[in-house]
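K.L.:
The structure is given below, and queries will be raised subsequently.
The values are calculated or read from the model by the stated rules, or taken from the named source; none is laboratory data. In this text, all values refer to a predicted model and were calculated from it rather than measured experimentally. Ideal geometry is used to build each Cβ from the backbone, glycine not excepted, and the neighbour counts take in all protein chains shown.
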Amino acid sequence: YIEMGALDGLRFSNSWLFHVEFSWQGLLVELTKENYDRLVVNRPHELALVQAGVCKERTNVHLVQGHSAVSGIWEFASPEYREKWWPNVLDPKYLPTIDCLPLQDILDQHIERTEHGFHYFDFFSLDVEGGEWNALQSIDWDRTAFGVLFLEAPDSKGLERDSIITYVQRRGYGYLGEKNNSLWFLHGDFYEIYSHVT
């Protein structure tokens with residue numbers, strides 16, 4: 001699995017059950033140092049733990065350190081999100097800058113590929129406070145796949161949400177719908193891939 005927006009690996013974790021009950025391992029990515037330091041203590045037996053911001057292309061971005069579950073990247077947050085969670089940030093030029101890199105670069109650096117040069121994960125949880133669209137665009141979909149993909153739904157129900165759904169569908173995933181403020185997708189060959197367990 002991949003969990004982006006892993007926080008401390010326990011609180012609000014979408015992968016903890018798989019790790020504890022089934023001994024699964026995966027890649028956990030967390031943006032803030034505070035959460036990452038706790039993640040290292042709480043989940044030491046994962047395939048990889050990475051502190052990073054994830055962007056379509058390598059760049060520098062502004063980090064907003066809010067409440068631990070709503071810290072994020074200024075450039076990716078909607079105006080509504082900024083107003084709700086970061087009302088005291090008036091000018092981003094005073095925020096710290098951090099490196100932001102493509103998810104595919106993180107995968108290539110930290111996760112061993114299959115014999116065919118491919119990355120495959122049973123599920124991908126993507127909850128990065130407005131950066132979901134950028135993160136999706138940073139994946140090389142010809143070399144990386146997921147059985148199940150779910151991501152936090154954008155604050156707005158407009159163009160970005162529809163663009164995300166269309167984008168993921170065009171990469172071979174069926175859209176299952178929205179549940180618990182997340183958009184859910186299933187790999188087009190899910191039942192074939194998992195025929196031994198379904």
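K.L.:
Go through (1) out of contact with any Asp or Glu (no Cβ under 6 Å at 6 or more places or on another chain); (2) assigned to a helix (DSSP H, G or I); (3) surrounded by 15 or more Cβ atoms within 10 Å (Cβ to Cβ) one by one and return the number of the condition residue 20 breaks.
P.N.:
(3)
K.L.:
Let me ask you something else. Which of (1) at positive phi; (2) surrounded by fewer than 20 Cβ atoms within 10 Å (Cβ to Cβ) is the odd one out, the single condition residue 193 does not satisfy?
P.N.:
(1)
K.L.:
A further question on this structure: Mind telling me which of the residues 48, 52 ends up being surrounded by fewer than 17 Cβ atoms within 10 Å (Cβ to Cβ), in contact (Cβ under 8 Å) with a residue 24 or more places away in the chain and in contact with a helix residue (DSSP H, G or I) (Cβ under 9 Å, 6 or more places away or on another chain)?
P.N.:
48
K.L.:
Would you check which residues across segment 86-102 are more than 15 Å from residue 60 (Cα to Cα) and either of a type outside the set (A, V, I, L, M, F, W, C) or surrounded by 13 or more Cβ atoms within 10 Å (Cβ to Cβ) (or both) and list them?
P.N.:
86, 87, 88, 89, 91
K.L.:
Looking at segment 160-189, I want the residues that are without any contact (Cβ under 8 Å) to a residue 60 or more places away in the chain and have a partner that is assigned to a strand (DSSP E or B) and of a type in the set (Ser, Thr, Tyr) with Cβ atoms under 7 Å, at least 6 apart or on another chain. Which pairs are those?
P.N.:
Final answer for the pair search is 165/175; 169/175; 185/173; 185/175; 186/173; 187/173; 188/173.
K.L.:
Follow-up. Among the residues of segment 182-192, how many are assigned to a helix (DSSP H, G or I) and closer than 28 Å to residue 131 by Cβ?
P.N.:
1
K.L.:
Considering only residues that are modelled with pLDDT under 95 and not aliphatic (A, V, I, L, M), look in segment 124-136 and name the one that is nearest to residue 14 (Cα to Cα).
P.N.:
The selected residue is 127.
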